[in-house]
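Where a number appears in this text, it was derived from the coordinates with a stated rule and is not lab data. From a predicted model like this one, the values you see are computed outputs, not experimental measurements. A quick note on method: Cβ atoms are made from the backbone with ideal geometry, for glycine too, and the neighbour counts reach across all protein chains shown.
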Amino acid sequence: MLDVEQIASYRKDIQFSETLCGHSLKFTSTWGIFSPREIDEGTHLLLKHIKVKPTDDCFDLGCGYGPIGLSLAKMANQGETLMVDKDFMAVEYSNKNAALNHISNAKAQLSNAFQHIDSEKKFDIVVSNVPAKVGKEMMSLMLYDAYQHLKPEGKIYLVTINGLRQYMKRNLKEVFGNYKKVKQGRTYTVAFAQK
C-alpha cells in the first residue's frame, strides 16, 4: 500500500530540462500526459530530421506538454505555432511551458485534431508524434484535415512506430499524392509529404 507522502509526491509537477534543435528548454509536466519525465525517442528522432524556416507557421497536432511545438516556435521565431491536444491537461502544460521558456509565438488550445480550428487558418508545417492506437478513422480525418489546412507546398512530418510505416506510406500517398521516408530508427519512422 502506498503511503500518503508517496501519493503527495505523485501530485507534484515533474520538471526537467532538455536541449532540442539546439535550444535549451525547461519542461513542467504531470502524470497522465504522454512521456511525462523525459522526451520520448520518437520526438527526438522527429526533431532531428525536421526542416523549418524562421517565418513558418507551424501546427503541432497532439502536443502533449509541448516539446515539439515549442521547438518549432523557437526555430520559426518569425512565424506562429499553434499546438493542439484533446487533453485539457496537455493544453494547460503546453501553455505553462511556453510561458516558462518565454516563447510568445506559441500557444496551445483544446481541439480533437483540427475539429476546433478555424477552417480558414493555414500552416506551412504540420507535425505530429502520432499515437500508435489512433485508429484508422481518426487517422483519415487527421491527414485529410492537415492537407486542407496546409498552405500550397506545405509540409507534413509524422513520426510513428515502425509497425505503422507502410500504413502511413499508403495513407500519405492517398491524401497528399506523395510520401518520403525521412528516417527509420530502431523503433520509430519519420514520414514526410508535401501539398
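Note on the chain: with a GNM built from Cα contacts shorter than 10 Å, the maximum mean-square fluctuation among 167, 179, 147 falls on 167. Could you tell me which of the pairs 121/173; 12/181; 12/53; 12/183 are separated by over 31 angstrom between their Cα atoms in the structure shown? Listed pairs above 31 Å: 12/181; 12/53; 12/183. Of 118, 57, the sequence from fewest to most neighbouring Cβ atoms within 10 angstrom is 118, 57.
Ignoring everything except DSSP H segments at least 4 long, calculate the 222 nm mean residue ellipticity for the chain; use -39,500 (n - 2.57) per segment, divide by total residues, nearest 500.
Values: 6 runs with 64 residues, N = 195.
Helix contribution divided over all residues of the chain: -10000 deg cm²/dmol.
Could you work out which residue, out of 133, 155, 51, moves most in a Gaussian network model of the chain, that is, has the largest mean-square fluctuation with Cα springs under 10 Å? Its mean-square fluctuation being the largest, the pick is 133.
Determine the shape class of segment 42-134: with a ≥ b ≥ c the square roots of the Cα gyration tensor eigenvalues, call it rounded for a/c under 1.5, and otherwise prolate if a/b is greater than b/c, oblate otherwise.
On the way: a/c = 1.19, a/b = 1.16, b/c = 1.03.
Rounded, because the longest to shortest axis ratio a/c is under 1.5.
Once the Cα atoms are used to define both axes, helix 136-149 deviates from the longest principal axis of the chain by about 70 degrees. Please work out whether segment 40-194 counts as rounded, prolate or oblate from its C-alpha gyration tensor, where a ≥ b ≥ c are the square roots of the eigenvalues and a/c under 1.5 means rounded, while otherwise a/b larger than b/c means prolate and anything else oblate? Rounded is the answer for segment 40-194, as its axis ratio a/c remains below 1.5.
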